[in-house]
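Trainee: Submitted below is the structure of interest, expressed as structure tokens.
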Number of protein chains: 2
Amino acid sequence: MNDFTELIQRHRSIRRFKPDGITPEQLNAILRSAQAASTSSNVQAYSVIGVTDSAKKRELAVLAGDQKYVEQCPLFLVWCADLLRLRHACGKQGIEMVHGTMENFIVATVDVSLAAQNAAIAAESMGLGIVYIGGIRNQPREVTRLLQLPELVYPVFGMCIGYPDQDPMPRPRLPLAAVYHENAYSTASFDRAIDEYDVVMREYYRQRTGGKRDTSWSQEMGEKFRQAARKHMRAYLEEQGFGFE
Amino acid sequence: MNDFTELIQRHRSIRRFKPDGITPEQLNAILRSAQAASTSSNVQAYSVIGVTDSAKKRELAVLAGDQKYVEQCPLFLVWCADLLRLRHACGKQGIEMVHGTMENFIVATVDVSLAAQNAAIAAESMGLGIVYIGGIRNQPREVTRLLQLPELVYPVFGMCIGYPDQDPMPRPRLPLAAVYHENAYSTASFDRAIDEYDVVMREYYRQRTGGKRDTSWSQEMGEKFRQAARKHMRAYLEEQGFGFE
């Protein structure tokens, strides 16, 4: 372990923030760090909307499922997959971009994720806390209207950034044996790893809720995946001009 | 700038490695760092295959488009989006997982990307170098067979890790104005930003190739996107059991 891996492994999501703002220098360092991430063939297929306007943050907090910290955090970033700038670049060369492929959709979604994770680490290295907001996909059409997102751009997730006003414990992760495989995938460790993790997570939920929440990881996953979530995504993405050929 | 943002911003992909291997402790710290990344509702929808077997690395190098460093690097990681373990967890609860949605596909693809980027930073903090290998999607069926990837698992990208045996300059990025927007998306800066970047990148390509390569970013993007790439992805993903409803 060095200082870096220690910082990375200390990560926990922050959902309560002090009112102190982010300086322009901090924001710049966070964004430069994001840009330094690897990007598929240098396409840089993403854009970031920094939301500082209070009314917009308030509306986004509601759209994301009444997550108050979206409004409360000093800086809310909306990370978008973006093929529009690339189409523009192609247009400058008189070339019509072929964009409607699953491959391009994957590339843009990966690109924005790598950049965002660099931003998260950069922010945490400054003593800031972050939380990813997948709830930005709850009502993507409204988010699109609010942030004036054009075609070929979609909001993949949001990110609250600010100084932590809480100090939660990191959430335990699956046993490494369930996630890492050498030379070939194997399901051999699944049963035992999930059972072990269920015990760990039951204890974690109890501790975090003062004994009120009695559940396990596989129970939580069962509840989550027993129905389809965000069934609007495919149609929304097509409205935005994405294709999946 | 602090040590962390400096490290992050010094990133450049490494494509030539010393023979020195990665210790088990290093690998462990890299994987623990990966696991510490944020994950949508704690689903942890990814798996990592560490390829150390020489014959498999050699085959993967060919499959990824004859990228010699895939064979040469001491450790090659294949980062997979994974919904299978979740289906298994649901099964333990007697629940049939609904997995065939665009939303779940996005969640898994984002989850694996966040984890991988943590691994990249962790590796670089130890003096190691990395390069992402999107070429792993060139022939995904063969990769799937070679690594025995089951249904509901797909290889999103590879990653070479090892001690750098080269010291390339970081590749310049788009002007921040083209990537970052405050409160609403705007295309106003596109033209100027792309023109500026084209000049910077032309100079970068010239320097890197001793004057042999005379091209710009928008020229490269035009060449890349004038035809569809990896047109097999959609069908392959459906064969693996992914759905996009």
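The values are calculated or read from the model by the stated rules, or taken from the named source; none is laboratory data. Keep in mind that what you see is a predicted model, and the values were worked out from it rather than measured. Here Cβ is always computed from backbone atoms with ideal geometry, including for glycine, and neighbour counts include all displayed protein chains.
Trainee: From A:ASP20, A:ASP66, which residue is outside any helix (DSSP H, G or I), more than 17 Å from A:ILE130 (Cβ to Cβ) and of a type in the set (D, E, K, R)?
Mentor: The match here is A:ASP66.
Trainee: If you check A:GLN227 against the conditions, is it under 24 Å from the mean Cα position of the chain (by Cα), surrounded by fewer than 13 Cβ atoms within 10 Å (Cβ to Cβ) and on the phi < 0 side of the Ramachandran plot? Reasoning before the result, please.
Mentor: On the way: under 24 Å from the mean Cα position of the chain (by Cα): yes; surrounded by fewer than 13 Cβ atoms within 10 Å (Cβ to Cβ): yes; on the phi < 0 side of the Ramachandran plot: yes.
Yes.
Trainee: Continuing with this model, one more query. Inside region B:45-59, can you point out the residues that are over 24 Å from A:ILE133 (Cα atoms) and more than 7 Å from every other protein chain (Cβ to nearest Cβ)? Can you show your working first?
Mentor: Kept after step one, since they are over 24 Å from A:ILE133 (Cα atoms), are these residues of region B:45-59: B:48-59.
Once the filter is applied, which keeps residues that are over 24 Å from A:ILE133 (Cα atoms) and more than 7 Å from every other protein chain (Cβ to nearest Cβ), region B:45-59 yields B:SER54, B:ALA55, B:LYS57, B:ARG58, B:GLU59.
Trainee: Mind listing whichever residues of region A:148-184 are at the interface with another protein chain (Cβ under 10 Å from one of its Cβ atoms), closer than 29 Å to A:VAL200 by Cβ, in a strand (DSSP E or B) and touching a helix residue (DSSP H, G or I) at 6+ places or on another chain (Cβ under 8 Å)?
Mentor: Across region A:148-184, the qualifying residues are A:PHE157, A:MET159, A:TYR180.
Trainee: Can you find, within region A:209-224, the residue that is nearest to B:GLU103 (Cα to Cα) among those that are among the basic types (Lys, Arg) and over 23 Å from the mean Cα position of the chain (by Cα)? Working first, answer last.
Mentor: We begin by selecting, within region A:209-224, every residue among the basic types (Lys, Arg); these are A:212-213, A:224.
So of that shortlist, the ones also over 23 Å from the mean Cα position of the chain (by Cα) come out as A:212-213.
Details: A:LYS212: 30, A:ARG213: 27 Å.
That would be A:ARG213.
Trainee: Oh, and also: Being at pLDDT 95 or above, surrounded by 17 or more Cβ atoms within 10 Å (Cβ to Cβ), among the polar types (S, T, N, Q) and over 26 Å from A:ALA115 (Cβ atoms) narrows it down to one of B:GLN72, B:GLN9, B:GLN26, B:GLN67, so name that one. Don't jump to the end; show me each part of the working.
Mentor: Details: B:GLN9 fails: over 26 Å from A:ALA115 (Cβ atoms); B:GLN26 fails: over 26 Å from A:ALA115 (Cβ atoms); B:GLN67 fails: over 26 Å from A:ALA115 (Cβ atoms).
Checking each option against the conditions leaves just B:GLN72.
Trainee: For region A:124-141, name all the residues that are at the interface with another protein chain (Cβ under 8 Å from one of its Cβ atoms) and part of a loop (DSSP other than H, G, I, E, B).
Mentor: Once the filter is applied, which keeps residues that are at the interface with another protein chain (Cβ under 8 Å from one of its Cβ atoms) and part of a loop (DSSP other than H, G, I, E, B), region A:124-141 yields only A:MET126.
Trainee: So which of A:ASP111, A:ASP191, A:ASP198 ends up being among the charged types (D, E, K, R) and touching a residue at least 40 places away in the same chain (Cβ under 8 Å)?
Mentor: Working: A:ASP191 fails: touching a residue at least 40 places away in the same chain (Cβ under 8 Å); A:ASP198 fails: touching a residue at least 40 places away in the same chain (Cβ under 8 Å).
None of the others qualify; the one that does is A:ASP111.
Trainee: At the interface with chain A (Cβ under 10 Å from one of its Cβ atoms), of a type in the set (Ser, Thr, Tyr) and out of contact with any Phe, Trp or Tyr (no Cβ under 8 Å at 6 or more places or on another chain): which single residue out of B:THR144, B:THR109, B:THR101 fits that description? Talk me through it step by step, then tell me what you get.
Mentor: Values: B:THR144 fails: out of contact with any Phe, Trp or Tyr (no Cβ under 8 Å at 6 or more places or on another chain); B:THR101 fails: out of contact with any Phe, Trp or Tyr (no Cβ under 8 Å at 6 or more places or on another chain).
Just one listed residue meets the conditions, B:THR109.
Condition check ((1) closer than 30 Å to A:ASP66 by Cβ; (2) outside the structural domain of A:VAL112 (by TED's automatic domain parsing)) across all residues:
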| residue | (1), (2) |
| --- | --- |
| A:VAL153 | yes, no |
| A:GLY158 | yes, no |
| A:GLY162 | yes, no |
| A:SER186 | no, yes |
| A:ASP191 | no, yes |
| A:GLU203 | yes, yes |
| A:GLN207 | yes, yes |
| A:GLN219 | yes, yes |
| A:GLU245 | no, yes |
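Trainee: Please go through region A:4-39 and pick out each residue that is within 7 Å of chain B (Cβ to nearest Cβ) and not aliphatic (A, V, I, L, M).
Mentor: Scanning region A:4-39 gives A:PHE4, A:THR5, A:GLN9, A:HIS11, A:SER13, A:ARG32, A:SER33, A:GLN35, A:SER38.
Trainee: Would you check which residues across region B:69-92 are in a strand (DSSP E or B) and either of a type in the set (Gly, Ala, Ser) or over 30 Å from A:GLU220 (Cβ atoms) (or both) and list them?
Mentor: Selection gives B:LEU75, B:PHE76, B:ALA81.
Trainee: Shifting gears a bit: Could you give me the residue pairs with C-beta distances under 6 Å whose first residue belongs to region A:206-231 and is under 17 Å from A:GLU196 (Cβ atoms), whose second residue is of a type in the set (Lys, Arg) and crowded, with 18+ Cβ neighbours inside 10 Å wherever it lies, and which are 6+ apart or on separate chains?
Mentor: Every condition considered, the pairs that remain are A:SER218/B:LYS92.
Trainee: Can you tell me how many residues in region A:156-179 are surrounded by fewer than 19 Cβ atoms within 10 Å (Cβ to Cβ) and without any contact (Cβ under 8 Å) to a residue 12 or more places away in the chain?
Mentor: Final tally of qualifying residues: 2.
Trainee: What residue, of A:ALA122, A:ALA188, is buried (at least 16 other Cβ atoms within 10 Å of the Cβ) and small (Gly, Ala, Ser)? Steps first, answer last, please.
Mentor: Values: A:ALA188 fails: buried (at least 16 other Cβ atoms within 10 Å of the Cβ).
Result of the check over A:ALA122, A:ALA188: A:ALA122.
Trainee: If you don't mind, there's one more thing I want to ask. For region B:185-213, what are the residues that are in contact with a Pro (Cβ under 9 Å, 6 or more places away or on another chain) and part of a loop (DSSP other than H, G, I, E, B)?
Mentor: If the condition is that a residue be in contact with a Pro (Cβ under 9 Å, 6 or more places away or on another chain) and part of a loop (DSSP other than H, G, I, E, B), then B:TYR185, B:THR187, B:SER189 are the ones that fit.
Trainee: The conditions are (1) buried (at least 23 other Cβ atoms within 10 Å of the Cβ); (2) at the interface with another protein chain (Cβ under 7 Å from one of its Cβ atoms), and A:ASN42 fails exactly one of them. Which is it?
Mentor: Here A:ASN42 clears every test but (1).
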